[in-house]
Each structure stands twice: as structure tokens, then as C-alpha cells.
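Notes to accompany the following structure.
Taken together, the values in this text are just the output of simple stated rules run on the coordinates, not laboratory data. These numbers were taken from a predicted model, which means no experiment stands behind them. Using ideal geometry, Cβ is built from the backbone for each residue, glycine included, and neighbour counts are taken over all protein chains shown.
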Amino acid sequence: MAQDQEQLMRDAFKFQSSLEAYANAILHDWTLSKDAVQEAFIRASVKWQEIDEDRLFNWLKKVTRDKAKDLIRREQKHSRIKTALDDIVDRHFDVHLTKKLHEKNMARTKVIEGCMGQLRPEALKVMSGFYKERESCETIADKMNRSVNAIRILLHRTRDTVRKCVKTQVALNE
């Protein structure tokens with residue numbers, strides 16, 4: 001059982017991104033997904049003394065799923081959601097979303113962030129515009145006063161650079 005509420009909640013928040021992705025797979029709505037995870041965290045903060053620290057991730061995953069299902073029930077008044085799809089999502093995440101996989105994904109995210117941090121400012125600006133801002137190559141080219149073809153080439157080379165860096169870093173960490 002948990003010894004310290006504050007530490008348990010710090011540990012819980014480490015799983016936030018994976019739990020939100022899990023809830024989104026069920027709900028298909030990021031806002032509702034964040035709500036489901038927040039409700040799970042609230043419940044954890046209330047029942048912190050009853051939670052086994054070693055099973056925290058599984059406990060949060062179950063509560064998140066239950067909260068997501070509650071939100072679906074509320075939303076079903078307005079629209080019908082196929083239960084077969086829910087069952088498929090549940091089975092998929094029960095098999096594939098584990099604490100070990102979460103930790104592996106977080107380690108990989110840190111590697112990607114490190115590789116992105118090594119990019120030249122121009123390459124980082126193109127990657128950010130394309131992926132984060134969801135801008136087209138044409139829009140990025142206009143902003144940077146470059147040709148569309150130059151942006152496409154830079155984007156391709158930058159992706160290749162990041163891919164090679166990640167592959168190298170992952171190999172070093174294993």
C-alpha cells in the first residue's frame with residue numbers, strides 16, 4: 001500500500017500520456033480522454049492508501065477504462081457507439097499496453113527529443129511546422145522564403161537524420 005500520497009501522485013502523472021492515448025482509443029475524443037484520465041487521478045488521490053504502488057499503472061488503467069466507459073454511456077444518449085469496436089480496443093490495449101511498454105515508449109520519446117535537439121534551427125523549424133503545426137510544405141516554403149522543393153528535400157533529409165540518430169541511440173541503450 002502507498003506510504004505517501006504526494007509520491008504516489010507524482011508516480012501516477014508519469015503515466016498520463018499513455019493513459020490519455022488509451023482513453024482516446026476508447027472515446028475517440030482527446031478532450032473526453034483527458035477528462036477520463038483526470039478523473040482517474042482524482043480517484044487515486046482519494047484512495048491513495050488503498051493502492052499498491054507496484055500495481056499503480058494497472059490500477060490507473062482500469063479506472064481510466066471505467067471512467068471512459070462512463071463517459072460513453074453518457075454520450076450514448078446522443079449517438080450510438082458500436083460495442084464491438086470497444087471490445088476490440090479493450091482486447092488490444094489489455095494485451096499491448098503494459099507498464100513495460102510504457103517505459104520503453106517514454107525512453108524512446110526521450111531519445112527522439114535528444115535527436116531533435118541536435119538539429120539545426122532551420123531543420124527544426126521545418127519539422128515543427130510540418131508535424132506540430134500541421135502546415136503544408138507550401139506554407140512552410142512561403143514563411144521561410146524557400147522553394148517548395150527545397151522544403152521537401154530538407155524535410156526528407158531531416159527525417160532521415162532523426163531516424164538514423166534514434167536507431168543509433170536505441171542500439172547504444174540496449
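List of remarks:
- GluC sites (Glu not before Pro) restricted to DSSP loop in region 110-168 with at most 13 other C-beta within 10 Å: Glu133
- Coarse-grained scattering of the chain at q = 0.08, 0.10 Å⁻¹, given as base-10 log I(q)/I(0) from a Debye sum over alpha-carbon atoms: -0.38, -0.57
- With the convex hull drawn over the C-alpha atoms of region 5-97, the volume per residue is 87 Å³.
- Cross-linked pairs Lys34/Lys143; Lys14/Lys110; Lys14/Lys67; Lys67/Lys100: Cα-Cα separations exceed 25 Å for Lys34/Lys143.
- Straight-distance crosslink candidates among aspartates and glutamates, where the alpha carbon sits under 19 Å from Lys132 and sequence neighbours closer than 8 are dropped: Glu20, Asp29, Glu113, Glu122, Asp142, Asp160
- Cysteine residues of the chain whose C-beta has no other cysteine C-beta under 4.7 angstrom: Cys137.
- Highest-MSF residue in the chain out of Ile51, Ile153, Ile112 [GNM, Cα springs under 10 Å]: Ile153
- Radius of gyration and Dmax over the Cα atoms of region 103-173, both given in Å: 13.3, 41
- Cβ-Cβ FRET estimate between Glu122 and Asp4, R0 fixed at 45 Å, reported to 0.05: 0.45
- Scanning the chain for trypsin sites (Lys or Arg not before Pro) lying in DSSP loops with no more than 10 further Cβ atoms inside 10 Å, the longest uninterrupted stretch between such sites is 1-76.
- Spin-label model, Lys132 to Arg73: label points 7 Å out along the Cα-to-beta-carbon direction sit 4.1 nm apart.
- Cβ-based exposure ranking for Ser33, Ser147, in which fewest neighbours within 10 Å come first: Ser147, Ser33
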